[in-house]
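Read-outs: derived from the displayed coordinates by stated rules, not from any lab. Remember, it's a predicted structure, so these values are computed and weren't measured experimentally. Note that each Cβ is placed from the backbone with ideal geometry, even for glycine, and that neighbours are counted across all protein chains shown.
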Amino acid sequence: MSILKDEFPVAAMDFVAAGEASGKIKRMLKKLGVNINVVRRVSIACYEAEINLVIHSRGGKILLEVDEDKLTLITRDVGPGIPDIPLAMREGYSTASDDVRMMGFGAGMGLSNMARNSDRFHIESQVGVGTEITMGFDL
């Protein structure tokens, strides 16, 4: 049974609001009394996911579900999809535009940081449709 379920919309190319969803999730988890080390890992993974939604999609959402012993973050987007997931998972690989890189984003660390900080990581993508990433964290 879920302790908490929530959904956070993320708009494409909205760098002003980028980070708001992950900040809200961090505050919610702290209020729930989640272990600070788990909160830190969730916050990192969630921020990376949110920035990827902003940079690479045409918009999407982050879904949060907290149970007694686990936390799940799911991101879903409408976007170009990822044609080569193993390549996209390589640190330093990025398809971000030069404009995005000049703002300090698009270093190619997002997916690998998500995988490194989560206890379970799964990505599905369909070119021309979008991407769904599921990250699990043990509580």
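General remarks:
- Residue count for segment 28-64, restricted to those that are out of contact with any Asp or Glu (no Cβ under 8 Å at 6 or more places or on another chain) and either under 16 Å from Asp119 (Cβ atoms) or aliphatic (A, V, I, L, M) (or both): 18.
- In this structure, Val42 does satisfy being hydrophobic (A, V, I, L, M, F, W, C), buried (at least 17 other Cβ atoms within 10 Å of the Cβ) and part of a helix (DSSP H, G or I).
- In segment 45-93, of all residues being over 22 Å from Gly19 (Cβ atoms), hydrophobic (A, V, I, L, M, F, W, C) and touching a residue at least 40 places away in the same chain (Cβ under 8 Å), the one that is surrounded by the most Cβ atoms within 10 Å (Cβ to Cβ) corresponds to Ile82.
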